[in-house]
Amino acid sequence: MEGFWTGFCIKSIIDDIIFYFTGDTHKKSSAIKVNSENLLVNGELHFLCNFKAWRNLFTCSKNCINILQHLAHAHGATKDDIDADTAEEIFEQLILKSNNWPIRIQRCMLQKERVCLFLNREDIIASSIKMAVECKMTLGKIKSTGKIFILKYQHDAQSALTTQRLHLIRNVTAKALNLHGHIVLSTGENCTNKYIFTSKSEGLIDEGYKKYVCGIVKNSQTNSKETCFTWEQYIKYKMNQLAELSEHKFIENEKNNAKDFFLHNLANAVIIFELMTVKPSRSVIIGNNNVEDDRNITNTRGASFVLYNTARIAAIIAKYNEKVSRGEYPSLPDIKNVDFSQLQEEEEWELIFNFVFGYSQMINDCLKCEPNFYIYPQVVCLFLLRLCQKFSVYYRKVRILTEGGDHLIPKMVARLYMLHALQVVFENALDILGIKPMMRM
Ligand SMILES: [Zn+2]
């Protein structure tokens, strides 16, 4: 399974278009942009017509100022001006050419200074859901490169939370490297890719290692390095804070040990988000005894919000399974027999395009190995928060488990498969951060 889906991503469509325009497979360009909002109006991709945006791909002896004008004369047109017909002809050719690609272009539209490209939704919806359901925990994993990395972190003698942050960054990096097809070891010789995560830009480190300098954890009250908490104390502190928040009334009926277990997991997730949503090179400021601290609240709600949505999905699936066991619903048919054209809501398309189909792009964006080595854990956190925002809107609007009428079953089945795909996305993204999803909250 690994690597099978490698070509099924937004990057491969962009590469196909660039190749079609330039005839060169090695061209890299950022001229074609991916949209994430208002896809119905703006399409999934767009590019600027201004020739400047394309300068690194084309040279023109006729001083074209518009890429469509240039493509027209590069393909043999004699007119100097670009009119609507010429644009239409270029679009038609592109759409025709895309019929041989894994993802087809459905429509192109000139909007003032830019061209909007609308992708074939059916191509993407069915395959994305299938990809997630089949890949499970290998979603987004690229086939092996054989390249070895060795990662360590250096203890910060004064600050347990800073040490913990370095440890977390090390672990997220290991996960991301694995997904990029590399091998990660803790020790070893004869390896050129050795990194040590440290809070100190000066001082000696083990031979052969390159320093990856990360920011410290600061206390908001002293505005200097946090030196009081141990990891367990900070978890306890967060647990108390979470227990005070009225949002978690729903757990009050639980027995005490179940409640503690729940709060412990939640506190762990909240702290991981707190330490990982900030770019590694920057310091993280944590609050102390201040539930009122705005940013602190945002962080707390951030991780809770994500876990709350994983629990929502799990609850719908559990309820469905329960009804299947009572004979009230048919069991899910094989994915091959599902009619995914039932997914017609715009929110469904935005969820699938951005977060299921777009998952591999997020994996790509959370780590850079060349020319310099960078890890971006904050990309994973933001991806999860954006996913939850979209999913919440959808959840409020659409009732997934329908009641009454066999004619509604195909739509429900397609939606349940979409939920499964989203569940896989959540599990994988949370796993990069070292967080387990919650089955109920
Ligand atoms: Zn030209």
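Which trypsin sites (Lys or Arg not before Pro) in the stretch 320-382 pass both tests, a DSSP loop state and at most 12 other beta-carbon atoms within 10 Å?
Counting only loop positions with at most 12 other Cβ atoms within 10 Å, the trypsin sites (Lys or Arg not before Pro) in the stretch 320-382 are Arg326.
Rank these for me by crowding, Glu44, Glu348, going from fewest to most other beta carbons within 10 Å. All intermediate terms of the calculation are to be shown ahead of the outcome.
On the way: Glu44 25, Glu348 20.
The fewest-first ordering by Cβ neighbours comes to Glu348, Glu44.
Give the angle, between 0 and 90 degrees and rounded to the nearest 10, that separates the Cα long axis of helix 294-325 from the longest principal axis of the Cα atoms of the chain. The angle comes out at about 80 degrees.
Here the calculated FRET efficiency for His407 and Ile335, from their Cβ-Cβ distance with R0 = 22 Å, stands at 0.60, rounded to the nearest 0.05. Among 417-426, 142-151, the peptide with the highest mean count of other Cβ atoms within 10 Å heads the list, and the full ranking is 417-426, 142-151. Estimated translational diffusion coefficient (Stokes-Einstein, Kirkwood radius over Cα pairs, 10 °C, 1.306 mPa s) of the stretch 10-119: 112 µm² per second. Helix 377-397 and the longest principal axis of the C-alpha atoms of the chain enclose an angle of approximately 80°. With 0.36 nm allotted per residue and the present C-alpha distance subtracted, the Cys60-Leu185 stretch has 40.1 nm of extension available. This ranking places Glu37, Glu350 by how few other beta-carbon atoms lie within 10 Å of each, fewest first, which gives Glu37, Glu350.
Relative to the longest principal axis of the Cα atoms of the chain, the long axis of helix 256-276 lies at roughly 50 degrees.
Within the chain, the proportion of Cα pairs with more than 40 Å between them is 30 percent. For the stretch 148-286, which semi-axes, largest first and in whole Å, follow from the square roots of 5 times the eigenvalues of its Cα gyration tensor? Each semi-axis is the square root of five times an eigenvalue, giving 33, 19, 11 Å. Of the chymotrypsin sites (Phe, Trp or Tyr not before Pro) found in the stretch 1-53, the ones in coil according to DSSP and having at most 16 other Cβ atoms within 10 Å of their Cβ are Phe4. A Förster radius of 56 Å, combined with the Cβ-Cβ distance separating Thr138 from Ala74, puts the computed FRET efficiency at roughly 0.85.
Which length gain, in nm to one decimal place, applies between Glu89 and Arg107 when the Cα-Cα distance is subtracted from 0.36 nm times their residue separation?
My answer for the length gained is 5.3 nm.
Put a plus charge on the Cβ of each Lys and Arg, a minus charge on the Cβ of each Asp and Glu, and nothing anywhere else: the dipole of the chain about its Cα centre is then about 940 debye.
Enumerate by residue number the GluC sites (Glu not before Pro) in the stretch 98-202 meeting two conditions: DSSP loop (anything except H, G, I, E, B), and at most 15 other Cβ atoms within 10 Å of the site's Cβ. Let's see the in-between values first.
Working: sites: Glu113, Glu122, Glu134, Glu189, Glu202; in loops: Glu113, Glu189, Glu202.
Qualifying residues, ordered by number: Glu113, Glu189, Glu202.
Each 10 Å bin from zero up to the one holding the largest Cα-Cα distance in the stretch 310-433 carries the following percent of pairs: 11, 40, 30, 13, 5, 1.
Whole-percent P(r), the stretch 80-119, all Cα pairs, 5 Å bins from 0: 6, 24, 29, 23, 12, 6, 1. Extension gain, Ser325 to Thr145: 0.36 nm times the residue separation minus the Cα-Cα distance gives 60.3 nm.
Sorting Met362, Met412, Met137 from the fewest to the most surrounding beta carbons within 10 angstrom yields Met137, Met412, Met362.
Since every read-out is calculated from the coordinates, none of them should be taken as a lab result. The shown structure was predicted, so the numbers you read here are calculated from the model rather than taken from an experiment. Cβ: placed from backbone, ideal geometry, glycine included. Neighbour counts: every protein chain shown.
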